[in-house]
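Heads up: the structure comes next, in structure tokens.
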Amino acid sequence: MDPSPIPYYPVNEFGPLMKGLVIGGVGILHVFLAQFAIGGGMLLYYFERLAQAGVPDTRKFVDGYFKVLVLVSFVVGALTGVAMWFTTIQVGARTIGIMLDEFHWLWATEWVWFAIEIVAGYAFYRFGPQLDDKTRRRLLLIYAGASWMSLFWINGILAWQLTPGGWLDGGGMWAGFFNPSFWPSLLFRTAVAATLGALVACVVINTMDLERAAKAALIRRASRFAAPMALMPVFAAWFMAVIPADSRQWLMGGSMPMTMFVGVAAAASTLIGGYVVVGLIVKKLYINGATATMLLALAFGATAAGEFVREGARKPYTVRGVLYSTSMTPDEVTQLRKDGAVTKDPYPLRDEARYPTAQLRHGAKVHRALCDACHTVHGANALVELTRTWTDDQMRLNVSKLQRTKGFMPPFAGNAADVEALVQFLRWETAGAPASWPISDTPETLAQIATWLDEVGTAPMGDAR
Ligand code: HEC
């Protein structure tokens, strides 16, 4: 047999945790910490300038606990960043490969800014108190600037996954980088970063050994940093306007879980924004440690919901129009309809001996190749539960016409025998994995499935952009 033109990478399974959940969990923590490290850096620079202008207690703030927090979140942010690559490479090696191919030097640029950020941040942390004013200011400016620049570069690459824009028409690397969602997501994330910096500062100021009036004065200054939050609805609306129409529809009612997450993110942000803008900036209220911590927890929830939405909006692609979440291109799906989904998949099943028949082994492989990226059998988004009430024929029809069953699933990338093996595998799992199971391969069944596959074709539901 010829080697497959489709590159197959070994993938990992995370048991009842769906792959997307594992990546999502690490990603949310990473985004939260990294965004705080950026906003915290900008806030440190602002407070350092205040200190040099003689504003009381600001120097104490800059050289105190807050600096340590920025450093810790920056280090843990960096570690979780590495963890992101470590998990994504086990799940979507091909996606990472395309990103590297396309943005090699931009990625290297991002890395250089990151290295500058590390050096400046560490130098300030280690030597800050001994340095003169000018050097302190410069170091903090370099730290804050470099950390924002690393966001600038990585943001372009991540936004390209959802809205490749002119890159799809051969516009090249820069068209891909400055894609339609580049600016709204960069501005949105910058506003989030500044807000996180302000909220953490409010918590830290409350722990400082100062009179209440002195704390209030510092809090008023810190909360100004959250003012860009007022523009977040504008950036969010801009983002919604440039994402593909089908994704937008899911976020606005088409998919209830996604719509709810949009709602959670919007509501939490409105609460924080309302408190900060009306309470702290306009009415100059005092915020105590507990309230600031609550707002920060809300911000974490909003970040988590927002990242879930951003990842979800990309389905069924990891690179819109180019690569499905199953690590296959649209052309390859057409090819696999003829060749069979797993004919050339070189990797054996982990638990081969579990399955009483070859058809069930086949079905397990089809599941691994075509469904496992977004489903598990029994755990998160469990196929056994989603299909439990369906009749066999209902399942055959819905799997054959997968992209019509839900628009955020890719077209089924296999033939009639693959569909039937998968259906039998899921039925067998639903029945509790009994020791024997009948083979199901009557010509009528396979012919019916083939008709359904032909009817639905291999075009995805949404447009390419
Ligand atoms: C790109 C991600 C993705 C892939 C790949 C994928 N699905 Fe789904 N699927 C989803 C999502 C998201 C849902 C919605 C779950 C919900 O509504 O709770 C879903 C829903 C379903 C449902 C329930 C549909 C309904 O209307 O109730 C079934 C059945 C299903 N998928 C089967 C499969 C099978 C079988 C495969 C592999 C051949 C597969 N899916 C591949 C993301 C995916």
Backbone N within segment 220-254 under 14 Å of label point (7 Å from Gln394 Cα along the Cβ vector): none
Given backbone amide H placed at 1.01 Å from N, residues whose amide H is under 5 Å from that of Ala382, ignoring those fewer than 5 places away on the same chain, are Thr376
Measure off 7 Å from each Cα along the Cα-to-Cβ vector at Asp454 and Met240, then give the distance between these two points in nanometres to one decimal. 4.4
Would you mind ranking Arg354, Arg138, Arg310 so that the residue whose beta carbon has the fewest other beta carbons within 10 Å leads the list? Arg354, Arg138, Arg310
Report the relative contact order of the chain, percent, no decimals, based on alpha-carbon pairs under 8 angstrom and at least 6 residues apart. 17
Quick one: if you stick a label point 7 Å off each Cα along the C-beta vector at Lys283 and Asp132, how many nm between them? 4.7
State the answer as a single residue: which of Leu386, Tyr347, Gly363 lies farthest towards the positive end of the charge dipole of segment 329-389, with beta carbon charges of +1 for Lys and Arg and -1 for Asp and Glu, about the Cα centre. Gly363
Given 0.36 nm per residue, what is the gain on full extension from Phe86 to Ala53 after removing their alpha carbon distance, in nm? 7.4 nm
Quick check: Cα centre of segment 355-432 to Cα centre of segment 106-169, how many Å? 45
Using only DSSP helix segments of four residues or longer, with each worth -39500 (n - 2.57), what per-residue ellipticity at 222 nm results for the chain after dividing by its residue count and rounding to 500? -21500 deg cm²/dmol
Rg over Rh, two decimals, the chain (C-alpha only, Kirkwood Rh): 1.05
By how many nm would the segment from Trp105 to Tyr8 grow when fully extended, if each residue of separation counts as 0.36 nm and the alpha-carbon distance is taken off? 32.4 nm
Can you tell me the dipole magnitude for the chain around its Cα centre, using point charges on the Cβ only (Lys, Arg +1; Asp, Glu -1), in Debye to the nearest 20? 2000
I want to check a number: in the chain, how many lysine pairs have alpha carbons closer than 25 Å, given a sequence separation of 8 or more or different chains? 23
Taking the Cα centre as origin and putting +1 on Lys and Arg beta-carbons and -1 on Asp and Glu beta-carbons, what dipole magnitude results for segment 64-173, to the nearest 20 debye? 500
Computed about the Cα centre, the charge dipole of segment 128-251 from +1 Lys/Arg and -1 Asp/Glu charges at the Cβ has a magnitude in debye, to the nearest 20, of 480
Can you give me the Cα centroid spacing of segment 170-244 and segment 45-76 in angstrom? 18
Global geometry of segment 384-465, whether rounded, prolate or oblate, following the gyration tensor of its Cα atoms and the 1.5 cut on a/c: oblate
Cα-based convex hull volume of segment 328-456 per residue, rounded to whole Å³: 106
Between the residues Gln52, Phe14, Leu79, the Cα farthest towards the positive end of the dipole of segment 1-148, that dipole coming from +1 and -1 charges on the beta-carbon of Lys, Arg, Asp and Glu, is from Gln52
Pair His378, Ala353: separation of 7 Å Cα→Cβ label points (nm): 1.8
Tell me which of Phe177, Ala416, Pro5 sits at the most positive position along the dipole axis of the chain, charges placed on C-beta atoms (Lys, Arg +1; Asp, Glu -1). Phe177
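None of the figures in this text is laboratory data; all of them are computed from the coordinates on show. Fair warning: this is a prediction, and the values are worked out from it, not measured in the lab. Neighbour counts run over all protein chains shown; Cβ positions are idealised from the backbone, glycine included.
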